[in-house]
Amino acid sequence: MFDRDVWQEIFNTLKTNKLRTFLTGFSVGWAIFILVMLLASVNGMQNGFVGQFNDDATNSVFVRTGTTSKAYGGFEAGRRIQLKNDDLEYIKQTFPKDIEYISARYYANATARYKSETGSYSVQATHPGHQAIEKTLVVAGRYINEADIVNKAKVAVIGRKVAEDLFKTEDPLGKFVEFNGLPFRVIGIFTDDGDDNAERRIYAPVSTYQRIYGNTNEIASIALTYNPNYDLTEALEFSERLEILMKRRHKIAPEDQAGLSVWNYAEAFNDISSFTAVLKGIGIGVGFLILIAGIVGIGNIMVFTIKERTKEIGVRKALGARPSQIVNLVLLESVFITAISGFVGLLFAWMILAAIGPMIETPAFSNPSVNLSTVITATIILVIAGVLAGLLPAMKAANVKPIVALSDK
Amino acid sequence: MIEIKDLHKSYKMGSNSLHVLKGINFKVEEGELVAIMGSSGSGKSTLLNILGMLDGADSGEYTLDGVPIKNLSETKAAQYRNKFLGFIFQSFNLINYKSAAENVALPLYYQKVPRKERQEKAMQYLERVGLKPWAGHLPSELSGGQKQRVAIARAMAAEPKVLLADEPTGALDSKTSYEVMDLIQKINDEGNTILVVTHEEDIAHMCKRIVHLKDGLIVEDKKVEQVRAEQYV
């Protein structure tokens, strides 16, 4: 099958029909080019989405409350659910193995003043674990620690923008800034890759704010990260258990999402994965449709070639060529054209992606690229495409009757 | 070598069928040089196609070298053609992008003869037809007579039992025709069985036996005194 004579014949046909071969090959190359580009684009979108979410720990879970929408357990609908410190303790004790970091959140607004500069910022009062959950990058000083919580210390970690606004060129660390008239010592400055708005935030110990606001033990929401070794199913299973227990504890109907909801990042990731999977499917579908056009083109040229070579095939058969040998010849030629032109398309797409891919870095689209498996798949597709394109013409060739081919009329 | 009994063949032409061979009985011994003559439509080409296993008969028996030729699959027919028969065509039918030597080697390729041996044999047969110096030339670089000689070398390369020549001189002028016939006679002298289809009297008389076909039947079958082509060359 792979001897020199077969190749000699293939090269000869290609050589005598350069333009025709090129035009047909182009259609397949183009199809593969588009297919790879589409897949790379989907990849780019996926990268973009993942990049967006990377701002927070991807294994984070948030417990939020609201007002119940259903009557349950003897309570009427419309009851306000309030999380308290002991809810946090309860979760900690119930799921010691599942939880990596846990923190309460308490939201407040503060009018901050330093010397003559003032500004209005949102304050998130948290536990030390919150740093890991939100992936807060402390660039100077430190984050809130356990001692701050115990001492109810009036300390604050301020965003880079806050520092710029209030302190201008001064170093804020150790300075006192007034929040609603109360002095807080700046212990750290953080940045956030996510967006500028996040850098207009202030973190303070949750216990401090609970005391300032009426010595309460109320908290607004609970943020936590689960064991990072969990896979998606384990993660979802954990948040489900958490939700059931929290709803039972607060006597909320199991299906009542308004009363209490547990939001798992894994779910969002799951959604994104299925979204990009659909996009990928569409990309592959469109690419295949274009490829079919290419295959039909190759099939067309092969039919033509065989019509031209009917006499030659007849002579070969008279000289003792078996039908299978004729089929081999045609199929090999078809696979050869398809594979070569497809590889050229693949190479072009790959070069373009390698050159400009890394430069593309937008929130929704970054570094479009293809991986090895895509390339291997494309190659297999090409060979199959070549066989498909050559099959019909090859069978036609094998059925050439020597007498018809040899009649001189 | 060849034995045919009561061979019938008809072609469907639309609604009516054309009865081309109406019962041919005919025997060829080893080493014979037979001319099959007849006007166009007499059935001589059809007979040759059936003898060449390019077409099947409707009824009758055909035995070639003791092997009954009947209901052959495409693959089997290809094998038998390769093993038993060598074809010489009116229009030479050389493959135009292959050199003379490669054309001669082609039947050997289908016999799965190794490449090197193929080339040696091809050169040997080209030498026999006097075209060794042209081995590397493409058919387009050869004259008509040379092309037919390459075709004869190709037909002989597989060492077939029978050579079938369909109007081998039909496309050649008389001088070249005689050269080709001279070659065919010499091959026959070596003991090869050859069937020549022709409608030219002088060519037919260069064979040893003439079979006349008319309207699908053999009307005359006679041995003739062979005219040597050598004297005209």
Quick test of your reading of the structure: A:Leu346 fulfils all but one of (1) more than 22 Å from the chain's Cα centre (by Cα); (2) without any contact (Cβ under 8 Å) to a residue 40 or more places away in the chain; (3) in a helix (DSSP H, G or I). Name the failing condition by number. (2)
Report the residue count in the range B:133-144 for those that are surrounded by fewer than 18 Cβ atoms within 10 Å (Cβ to Cβ) and assigned to a helix (DSSP H, G or I). 4
Among what's in the range B:54-71 and is within 12 Å of another protein chain (Cβ to nearest Cβ) and not small (Gly, Ala, Ser), pick the residue that is surrounded by the fewest Cβ atoms within 10 Å (Cβ to Cβ). B:Asp55
Given the condition on the phi > 0 side of the Ramachandran plot and within 17 Å of the chain's Cα centre (by Cα), answer yes or no: does some residue in the range B:193-211 qualify? no
Scan the range B:115-132 and give yes if some residue there is farther than 29 Å from B:Glu29 by Cβ, hydrophobic (A, V, I, L, M, F, W, C) and surrounded by fewer than 19 Cβ atoms within 10 Å (Cβ to Cβ), otherwise no. yes
Residues being of a type outside the set (D, E, K, R) and more than 7 Å from every other protein chain (Cβ to nearest Cβ): count how many of those fall in the range B:80-97. 8
Filter the range A:324-339 for residues that are in contact (Cβ under 8 Å) with a residue 24 or more places away in the chain and within 30 Å of B:Leu51 (Cβ to Cβ); the one that is nearest to the other protein chains (Cβ to nearest Cβ) is A:Ser324
In the range A:184-206, which residue that is touching a residue at least 60 places away in the same chain (Cβ under 8 Å) and under 13 Å from A:Pro128 (Cβ atoms) is surrounded by the most Cβ atoms within 10 Å (Cβ to Cβ)? A:Pro205
Residue check: is A:Leu291 part of a helix (DSSP H, G or I) and surrounded by 17 or more Cβ atoms within 10 Å (Cβ to Cβ)? yes
Would the range A:124-147 turn up any residue that is in contact with a His (Cβ under 8 Å, 6 or more places away or on another chain) and either within 20 Å of A:Asn85 (Cα to Cα) or in a strand (DSSP E or B) (or both)? yes
Picked from the range A:22-51 (must be surrounded by 16 or more Cβ atoms within 10 Å (Cβ to Cβ) and at pLDDT below 80), the residue nearest to the other protein chains (Cβ to nearest Cβ) is A:Thr24
Go through (1) under 24 Å from B:Ile36 (Cβ atoms); (2) modelled with pLDDT of 90 or more; (3) not polar (S, T, N, Q) for B:Glu159 and report which single condition fails. (2)
Going through the range A:376-389 one residue at a time, which ones are surrounded by fewer than 15 Cβ atoms within 10 Å (Cβ to Cβ) and either touching a residue at least 12 places away in the same chain (Cβ under 8 Å) or of a type in the set (Lys, Arg) (or both)? A:Val383
Mind telling me which of the residues A:Glu267, A:Glu218, A:Glu240, A:Glu234 ends up being in contact (Cβ under 8 Å) with a residue 40 or more places away in the chain, acidic (Asp, Glu) and surrounded by fewer than 17 Cβ atoms within 10 Å (Cβ to Cβ)? A:Glu218
Which one of A:Ile189, A:Ile102, A:Ile91, A:Ile144 is at pLDDT 90 or above and farther than 23 Å from A:Thr216 by Cβ? A:Ile189
Scan the range B:113-126 for residues that are touching a residue at least 12 places away in the same chain (Cβ under 8 Å) and more than 21 Å from A:Ala321 (Cα to Cα) and report the count. 2
Among the candidates B:Val129, B:Val150, single out the residue that is touching a residue at least 40 places away in the same chain (Cβ under 8 Å), more than 12 Å from every other protein chain (Cβ to nearest Cβ) and in contact with a Pro (Cβ under 9 Å, 6 or more places away or on another chain). B:Val150
Inter-residue pairs, beta-carbon under 6 Å, first at the interface with another protein chain (Cβ under 8 Å from one of its Cβ atoms) and in the range A:295-323, second assigned to a helix (DSSP H, G or I) and polar (S, T, N, Q), 6+ apart: A:Gly320/B:Asn82; A:Arg322/B:Thr75
Odd one out for B:Lys76, checked against (1) more than 22 Å from A:Phe11 (Cβ to Cβ); (2) at pLDDT 90 or above: (2)
Selection from the range A:1-21 of residues in contact (Cβ under 8 Å) with a residue 24 or more places away in the chain and more than 13 Å from chain B (Cβ to nearest Cβ) yields A:Arg20, A:Thr21
Going through (1) among the aliphatic types (A, V, I, L, M); (2) in contact with a Gly (Cβ under 6 Å, 6 or more places away or on another chain); (3) more than 14 Å from chain A (Cβ to nearest Cβ) one by one, B:Ala100 fails only at (2)
Across the range B:106-118, what is the total count of residues that are in a helix (DSSP H, G or I) and more than 9 Å from chain A (Cβ to nearest Cβ)? 4
Would you check if B:Val211 is away from chain A (no Cβ under 14 Å), without any contact (Cβ under 8 Å) to a residue 12 or more places away in the chain and closer than 30 Å to B:His8 by Cβ? no
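The values are calculated or read from the model by the stated rules, or taken from the named source; none is laboratory data. Nothing here was measured: the structure is a model prediction, and the numbers come from that model. Every residue, glycine as well, gets a Cβ built from its backbone with ideal geometry; the counts of neighbours run over all protein chains shown.
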